[in-house]
Amino acid sequence: MGGLVASGYAAQHSDAVDGVVLLAAYPTEKISDSVGLLSVYGTDDKVLDRGAYESAKRYFPDGYTEKIINGGNHAQFGNYGAQSGDGEATITAQEQQTQTVFAIIQFAEEIKKGFCF
């Protein structure tokens, strides 16, 4: 539920936040267009409700970045084991986490340069 908390904080404190990263999560309230957003999820993630995710895009700030990891699932964003109902990943956890880290680093560099918003 970290993405819910992080996006809620970003929505309520846009003056204190330059960007927010969501890993297989989505906001439930509008995030200001002055805040950058990186959304990352895997193609084999069966925990993330895709319909709710698509509906929640109305809360995304303009210019958001979306990174879809081919073969990634929900559980492999962390090291806490399999999650009930999740899809079977076709890449290793290390590969998924490496792709995620690179996306976050690139996003942070863009924010630092002011390119996200």
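Here Glu66 clears all of (1) among the acidic types (Asp, Glu); (2) free of Cβ contacts under 8 Å to residues at least 60 places away in the same chain; (3) assigned to a loop (DSSP other than H, G, I, E, B) except the condition numbered (3).
Just to verify a result, which residue in region 89-102, among those that are among the β-branched types (Val, Ile, Thr) and buried (at least 18 other Cβ atoms within 10 Å of the Cβ), is nearest to Ser14 (Cα to Cα)? The qualifying residue nearest to Ser14 (Cα to Cα) is Thr100.
Among the residues making up region 26-41, those that are part of a loop (DSSP other than H, G, I, E, B) and within 23 Å of Ser84 (Cβ to Cβ) are Tyr26, Thr28. Residue count for region 34-88, restricted to those that are under 18 Å from Thr98 (Cβ atoms), buried (at least 19 other Cβ atoms within 10 Å of the Cβ) and over 12 Å from the mean Cα position of the chain (by Cα): 6. Suppose we filter Ala16, Ala25 for residues that are surrounded by 14 or more Cβ atoms within 10 Å (Cβ to Cβ), out of contact with any Pro (no Cβ under 6 Å at 6 or more places or on another chain) and among the aliphatic types (A, V, I, L, M); which single one remains? When all the criteria are applied, what remains is Ala25. Scanning region 5-58 for residues that are closer than 18 Å to Glu109 by Cβ and free of Cβ contacts under 8 Å to residues at least 12 places away in the same chain yields nothing. In the condition set (1) more than 22 Å from Asp86 (Cα to Cα); (2) at pLDDT 95 or above; (3) not aliphatic (A, V, I, L, M), Asp44 is compliant with all but (1). Consider region 89-117 and keep the residues that are at pLDDT 95 or above and not in a helix (DSSP H, G or I). The one that is nearest to Asp45 (Cα to Cα) is Ala89.
The values are calculated or read from the model by the stated rules, or taken from the named source; none is laboratory data. Since the model is a prediction, treat every value here as computed from it, not as a measurement. Neighbour counts run over all protein chains shown; Cβ positions are idealised from the backbone, glycine included.
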